[in-house]
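The values are calculated or read from the model by the stated rules, or taken from the named source; none is laboratory data. Quick caveat: nothing in here was measured; it's all calculated off a predicted structure. Note that each Cβ is placed from the backbone with ideal geometry, even for glycine, and that neighbours are counted across all protein chains shown. Side chains are part of the model used for accessible areas, which takes the heavy atoms of the whole protein and leaves out ligands, DNA and RNA. Shrake-Rupley method; radii C 1.70, N 1.55, O 1.52, S 1.80 Å.
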Amino acid sequence: MEIDPKFTFVPLNEKIYVGINDKNTQEYLCKWGLKGNFVIQNFSFNEPFQQYHKYQLADAFFKDDTVAKALLSKQGCAWVKQGIRASNVQVKQVPCSVLSMSFFNKLKDPDNGIVHNSGIICKRYDLQVEDFLVSDNLRGMLLDEESEEYSLYSEDERLEFAFRIFQMLVLGGTLCQFEDVLQPYLDVTKNIYKDLIRVQKQNTSNDLFVSTLVLEIVAKNGKGQDYFPSDSSNRQNIAFLLIDANSREITTFIHQYGGYFAD
């Protein structure tokens with residue numbers, strides 16, 4: 001009988017992400033009210049990892065003292081180390097199979113009603129969905145289930161990690177200056193996605209595949225309240241664990257909806 005591994009975790013120094021730290025990316029994040037609203041941290045673990053250990057790994061991670069002391073979560077306007085060990089960890093695997101930005105080509109085709117021939121995003125009558133103002137067809141495609149554009153992407157495609165990043169960028173923060181054209185959203189999605197995931201070749205066929213395992217997380221404190229992320233009922237409050245079995249590294253990615261906070 002196999003004994004389940006007992007995982008141990010070590011915080012790593014902050015990584016330099018070329019795409020995310022790119023000057024244009026940073027300017028857009030600021031414009032969209034996202035700068036300062038997400039944090040990426042890195043940890044290593046020493047034990048061999050198999051995919052079927054994913055729920056145990058996530059559970060152990062958020063209940064670990066070392067992680068609790070190092071993990072940043074949002075408190076008011078600041079990211080702080082709250083030292084919380086999770087009492088409960090909800091984990092969902094997120095599909096992560098997109099290898100090319102052609103995944104978003106449907107949005108660029110003027111026949112699909114998201115953009116005009118010029119690349120400018122098609123406007124529409126304002127509609128409030130949850131906390132978000134839907135004033136164009138791109139946001140309609142993301143939020144308005146009654147709109148024609150919503151069916152452009154299947155429910156499975158919407159779950160993809162690349163789509164989730166794109167949605168986070170388009171919906172933005174509370175102080176968001178929207179784009180009139182589509183391309184900047186795609187460029188920044190590509191930069192963040194490429195920084196966070198790892199692509200490898202299959203040994204036998206040389207086909208490329210994403211080797212990073214992505215888990216969506218809601219960790220709760222001793223009172224049963226969400227803290228990583230807080231208030232998970234808002235679709236912009238999202239947290240992911242990205243697991244690289246080869247390097248035995250975990251990357252945490254958390255975004256909390258809000259205004260722009262200076263560093």
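Brief remarks follow.
- Here the gap between Lys6 and Leu175, fully extended at 0.36 nm per residue and compared with their Cα-Cα distance, gives a gain of 56.5 nm.
- Phi angles of the stretch 90-107 translate, via the Karplus equation with coefficients 6.51, -1.76, 1.60 and θ = phi - 60°, into HN-Hα couplings of 8, 10, 10, 6, 10, x, 9, 10, 6, 10, 8, 6, 4, 3, 9, 4, 4, 6 Hz per residue; Gly and Pro are given as x.
- Once backbone amide H atoms are built at 1.01 Å from N, Val129 has Val134 as its partners under 5 Å, excluding neighbours fewer than 5 places away on the same chain.
- What a 1.4 Å probe finds exposed on the chain is 48% carbon and sulfur by accessible area, rounded to a whole percent.
- Phi-derived couplings, Karplus 6.51 cos²θ - 1.76 cosθ + 1.60 at θ = phi - 60°, listed residue by residue for the stretch 221-227: 7, x, 8, x, 9, 4, 10 Hz, with x used for Gly and Pro.
- Relative to the dominant Cα principal axis of the chain, helix 183-196 is inclined by about 10°.
- Shape of the stretch 1-114, Cα gyration tensor, a/c cut at 1.5: oblate
- Ser44 long-range amide H proximity, modeled H, under 5 Å: Val10, Leu12, Ile250
- Dipole size of the chain about its Cα centre, with +1 on Lys/Arg Cβ and -1 on Asp/Glu Cβ: approximately 880 debye, rounded to the nearest 20.
- For the chain: accessible area per residue (Å², 1.4 Å): 50 Å²
- Zone residues, the stretch 92-113, relative to Leu159, backbone N less than 14 Å from point 7 Å out along Cα-to-Cβ: 92-98
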